[in-house]
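Trainee: Here it is: the structure, laid out below.
The values are calculated or read from the model by the stated rules, or taken from the named source; none is laboratory data. Quick caveat, the model's predicted, so the values are computed rather than measured. Cβ coordinates were reconstructed from backbone atoms using ideal geometry, including for glycine residues, and neighbour counts include every protein chain displayed. Calculation scope for accessible area: heavy atoms of the full protein, side chains included, ligands and nucleic acids excluded. Shrake-Rupley method; radii C 1.70, N 1.55, O 1.52, S 1.80 Å.
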Amino acid sequence: MAVRGVAAKKTAIADERSASERMLDAAERLFAEQGMSEVGLRAISAAANVNLASISYHFGSKEALVEEVFRRRATKIAAERDRGLDLALQEPDADKRLEAILRVFLESGFAGDTPADAARFAKLRARINTEDTALARRLLSESFDAGSRRFLAALGEVLPHLDAKQIGWRFHAMLGVMVYTMANSGRIQSLTNGECDPSNYLAAVDQLLPVVVAIFRSDAPPARR
């Protein structure tokens, strides 16, 4: 009886974990496809095949669910980005070090357990980056500000001809390239008859990296009169 009781308890815990993961996966997919503000809890519960009360039980609110969806992958991306930067900084050649730093930043934005997970979360991040809400700004800030400042400092060391403001604007341009590529709106596929396809994000980085490197290597602009 005791053995059966322990087994039943383990099964119940596994089922709860499975329900929680289904809700997170469903929410991530729907948020990526439609945006956070457009998706309600009923749609998430239906997609996850759970009752509506389960979301409140596991997460308490939609905002808490959004936070958990974002943090479960953002934490891994931030950690991978930190590790990658540590390796890039060991490159003795300054030109190669710049390229290594920028590649780490761009590629780590597509981290995930599987390519499908990475693509889905990349699209969600692109949406969050364009949603002007306090929650979106807080999630991005809490997850990525500290790591991004490390990259800004590293870029400042390898690009002494630029001041902090100029590096900041170039970093802004890189974020624009990254977020628009992650959003994968289909525009570039239409214009190039499918020759350019951001769906393969890592291949896209190979094409975009020389452009981003050139942005950072460009001379400081003359002062506006």
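Trainee: How many residues are assigned to a helix (DSSP H, G or I) and open to solvent by 20 Å² or more (accessible area, probe 1.4 Å) if we restrict to the range 159-169?
Mentor: Counting residues in the range 159-169 that are assigned to a helix (DSSP H, G or I) and open to solvent by 20 Å² or more (accessible area, probe 1.4 Å) gives 5.
Trainee: Right, another one. Which residue pairs have Cβ atoms under 9 Å apart, sit 6 or more places apart or on different chains, and have a first residue in the range 71-89 that is of a type in the set (D, E, K, R) and a second that is surrounded by 21 or more Cβ atoms within 10 Å (Cβ to Cβ) and not in a helix (DSSP H, G or I)?
Mentor: Listed pairs, sorted by first residue: Arg81/Gly109.
Trainee: Is it the case, given these coordinates, that Arg125 is among the charged types (D, E, K, R), open to solvent by 20 Å² or more (accessible area, probe 1.4 Å), in contact (Cβ under 8 Å) with a residue 12 or more places away in the chain and under 19 Å from Ala32 (Cβ atoms)?
Mentor: Working: among the charged types (D, E, K, R): yes; open to solvent by 20 Å² or more (accessible area, probe 1.4 Å): no; in contact (Cβ under 8 Å) with a residue 12 or more places away in the chain: yes; under 19 Å from Ala32 (Cβ atoms): yes.
For Arg125, the condition - among the charged types (D, E, K, R), open to solvent by 20 Å² or more (accessible area, probe 1.4 Å), in contact (Cβ under 8 Å) with a residue 12 or more places away in the chain and under 19 Å from Ala32 (Cβ atoms) - is not met.
Trainee: Given the condition under 30 Å from Arg217 (Cα atoms) and among the hydroxyl-bearing types (Ser, Thr, Tyr), answer yes or no: does some residue in the range 109-127 qualify?
Mentor: no
Trainee: Going through the range 177-193 one residue at a time, which ones are within 19 Å of Arg125 (Cα to Cα), modelled with pLDDT of 90 or more and of a type outside the set (A, V, I, L, M, F, W, C)?
Mentor: Arg187, the sole residue that qualifies.
Trainee: Go through the range 45-71 residue by residue and tally those that are of a type in the set (Phe, Trp, Tyr) and open to solvent by 30 Å² or more (accessible area, probe 1.4 Å).
Mentor: Residues meeting the conditions: 2.
Trainee: A follow-up question, please. Just give me the residues in the range 130-154 being among the small types (Gly, Ala, Ser) and over 15 Å from the mean Cα position of the chain (by Cα), in sequence order.
Mentor: Ala134, Ala153, Ala154
Trainee: Does any residue of the range 128-146 turn out to be at pLDDT below 95, open to solvent by less than 10 Å² (accessible area, probe 1.4 Å) and either part of a loop (DSSP other than H, G, I, E, B) or under 26 Å from Ala214 (Cβ atoms) (or both)?
Mentor: Checked the range 128-146: no residue is at pLDDT below 95, open to solvent by less than 10 Å² (accessible area, probe 1.4 Å) and either part of a loop (DSSP other than H, G, I, E, B) or under 26 Å from Ala214 (Cβ atoms) (or both).
Trainee: From the set of residues in the range 175-225 that are β-branched (Val, Ile, Thr) and open to solvent by 30 Å² or more (accessible area, probe 1.4 Å), which is farthest from Thr130 (Cα to Cα)?
Mentor: Per the stated criteria, the residue is Thr192.
Trainee: Another question, then. Determine, yes or no, whether Arg83 is assigned to a helix (DSSP H, G or I) and open to solvent by less than 80 Å² (accessible area, probe 1.4 Å).
Mentor: When the stated conditions are applied, Arg83 does not pass them.
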